[in-house]
1. Phe26 versus Val493, label points 7 Å from Cα toward the beta carbon: distance in nm?
2. Fewest to most neighbouring Cβ within 10 Å: what's the order for Trp204, Trp108?
3. Please go through the residue pairs Lys472/Lys497; Lys380/Lys542; Lys380/Lys500; Lys58/Lys110; Lys355/Lys380 and name each one whose alpha carbons sit more than 19 Å apart in this structure.
4. Taking every DSSP beta bridge with both residues inside the chain, roughly what % is antiparallel (nearest 5)?
5. Which distance in nm do the two modelled labels at Asp397 and Asp168 give, with both placed 7 Å along the Cα-to-Cβ direction?
6. Taking a 30 Å limit on the Cα-Cα distance, which of the listed pairs Lys65/Lys100; Lys447/Lys578; Lys352/Lys395; Lys100/Lys153; Lys471/Lys545 fall beyond it?
7. Using only the alpha-carbon atoms, how far is helix 48-73 inclined from the longest principal axis of the chain? Give it as 0 to 90 degrees, nearest 10.
8. For Met191, Met372, Met416, which order do you get if you count the other beta carbons within 10 Å of each Cβ and list the fewest first?
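Throughout, read-outs are computed from the coordinates displayed, never taken from laboratory work. The model shown is predicted, which means the values in this text are computed figures rather than measured ones. Here the Cβ positions follow ideal geometry from the backbone for every residue, glycine too, while neighbour counts run over all protein chains shown.
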Amino acid sequence: MAFRFTIGKKIGTGFGVLLFFIVIVFYITYTTLNESTNKNDEITNVNNPTVASLEELKLLTVRSKMLIFNWAYIQSQSDHPDKQKLTRLIDRDYPFLIGKIKKLAVHWGKEDQKRIEVVFEQLFELFELHKDVILLLPDFDSYEDPTSVFPAKFYMENDGEIFKKTSDILFELNDLIANQKFQTGEVTEKMQASFSDLKWLTRWLGIALVIFGVLVAFYTTRSIIRPVHKLKMVLLKLSKGVFPKQTLKEKNDEIGEMTGALNRVISGLERTNNFAVAVGAGQFDTEYEPLSNEDSLGKTLMEMRDDLAEHERLLEQKVKERTAELVEKQKEVEEQNEKISELYEEVTDSIKYAKGLQEAILPPDEFVKKSMPDCFVLYKPKDIVSGDFYWIEEKNDKVYFAAVDCTGHGVPGAFMSIVGYNALNEALRTNDNPGGILDSLNRGISKTLHNNAMGSTTKDGMDLALCSYDKKTKTLEYAGAYNPLYLIRDGEVEQIKADKFAVGSYYEDKESRYTNHVLQLQDKDYVYIFSDGYADQFGGPKGKKFMYKRFRDYLLTLNGKNMSGQKQFLDDTLEQWKGPLEQIDDILVIGIHID
C-alpha cells in the first residue's frame, strides 16, 4: 500500500516540530530562572547578611575600643553610661552577633571559615584584656591608686596589647568584608550574564518559532485550507441549487476522498434534477438510472413519478368537481360577510352612543376649573367607553370630587359608571361628609345590583376615593373604598389608607361603615386620588407592573411643577413605560395643588 501523507500526518508533523522548539525554549528558560533564583537566594540569605554582620562586628570592635579607652582615661563611677554600654557590649552584643555570624559561616568557603575562627579567638583574647582593665579600675576611688591606673593606661597606649589586638581584628574583618563583597559581585555578575544569555536565546528562538509558524501556516493553507475552501464554495453553490461547471481535482488524502464523493454526488444530483424537471413538465415516461442497487432516493423518485402520474389524473377530476362547489360556497360567504358588517356597524354605533352618554355624566372642563382652579385630571379609557369616571359637585361652600373605578371596563364598566354616577348624586343630597356619602352609596348600589336576585353573589361594585374640600378653612375630608389618597408635603408622601371593602359589597353587613378622615391642608400641599389602572399597567424593560411605589416616587419628582406640566409628565411617563404593550385597564389620576 502506497504511503499517504494524510491531513493528520501533515498537521502532526508541523505542530510536532513547533512543539519541540517550544519545549526547548521552556526548558532553557526554566533552567536559567531556577539557577538565577538560587543565586538570588544566596545573595539575599548569605552574602548580604554576611557583609552586614561583619560590618556590624567591625563597628562593635571600634566602639569597644572607644569605650575601654574612656574607662581607662576618664575617672567615673561604676554606673556611668559608657561603662554600662561596654559591659552590655561584652556580655550580650558580642555573643549574639558572633552566634549569628557562625550560622552564616556554614555557607562560606573553608578559608574564610578558618579566618573568622581566628577573629573569634582574637576577640575572646581582647575581651579578656578589657576585663583586666575593668578589674584594675572597678570604681571611682580606684583612679586615685597609681598602681591601678598605670597598668590600665599601659594597655591603651599605641604599643599596648589592646591597641594591637584591636588593630589586628579590624584588619582581618576589613579583609573578610572585602572578600565577601567580591564574592557577592561575582554571583551577581553570573546571574546577570545568565539573564543576558536567556534574553539572547529567547529572542532568536522566538524569531525562529515565528518563521517556522509562518511556514507551517503557509503549508497548511496551501495543502489543506485551499482544497477545503474549494469544497466549501461548491457546497455553497449546491445549497443555492447551482451545479459547478467543472469537476474538482482529487488528491491522495482525506480531502481527495471527500472531493471524489462530492463529484459523484453532484453527478447524481444533476441526473436527479433533470429527471425532476422532466416529471414536473408532465413527462411521466422519463427514465431514471439509480446510482446503485442501494440508491433508495432513486427508487423513491421512480415511485414518485408513477404516483404523480396517477395523482394528476385524479386531481384533474377533483378540480372539476370542487370548482363547482367553491363557486356556490363563495356566494354564501359573501352574504354572511355582508350581515356581519351590518351587525358590526350597529354595535359600533351603539358603543359610540354609549360614549356620548358617559361623557354627559363627566363634569365639563369649565366647571372643573371653576371648582378647582389649580388641578389636573388624567383620564385615559382603555376602550371607547370606560369603567372609570371622575365626579365633581359643589354643596354648602364645599367642593366634592371623586375618582371612581367600576367593576370591569368597556361597555360593562360604562353601565356601572352610570349607575354609580346617579347613586353618588343621590347620596350627596342626604349626606355632607365623604364617609356618610360612601355608606349611603354602598346601600344604594347594593340594592340596585342585588334587587332582582335573592342571595346573589355578584362581585359587581366600585372602588373609589371621595373627598370634600372647604376652600375657606382648607379642610379636606376623605373616605375611600380600596383606593387611597396621597398627600405630598415638604417633599414627603403621606398615604391615607382606604377601607378594604368595595362599594356594593356589604349590603347585608349593617355594622360596616366607611372611615371619614379629616385633614388640615397647608399652602403648597399636593393631593392625589386615582384608580388602580396607572400602577397596574405592564411595561418597562421586563414587562412588569408599574407598581404604587414607583408611582409615589414619580409624584415626589413633580413637586414644584404646575398642574398641567404634572399631567403631561404622568401621561408621557405612562406611554414610555407601556411601550408597545396594550393598555390593560382604564386610567384615572386627579391632582390638586393647595395655594
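1. My value for the distance between the label points is 6.3 nm.
2. Numbers: Trp204 10, Trp108 20.
Exposure proxy ranking, most exposed first: Trp204, Trp108.
3. Numbers: Lys472/Lys497 25 Å; Lys380/Lys542 23 Å; Lys380/Lys500 25 Å; Lys58/Lys110 21 Å; Lys355/Lys380 13 Å.
Over 19 Å apart, Cα to Cα: Lys472/Lys497; Lys380/Lys542; Lys380/Lys500; Lys58/Lys110.
4. 95
5. Taking the two extended label points, one gets 12.5 nm.
6. Table pairs above 30 Å Cα-Cα are Lys447/Lys578; Lys352/Lys395; Lys100/Lys153; Lys471/Lys545.
7. It works out to around 50 degrees.
8. On the way: Met191 19, Met372 22, Met416 25.
Going from least to most buried by this count: Met191, Met372, Met416.
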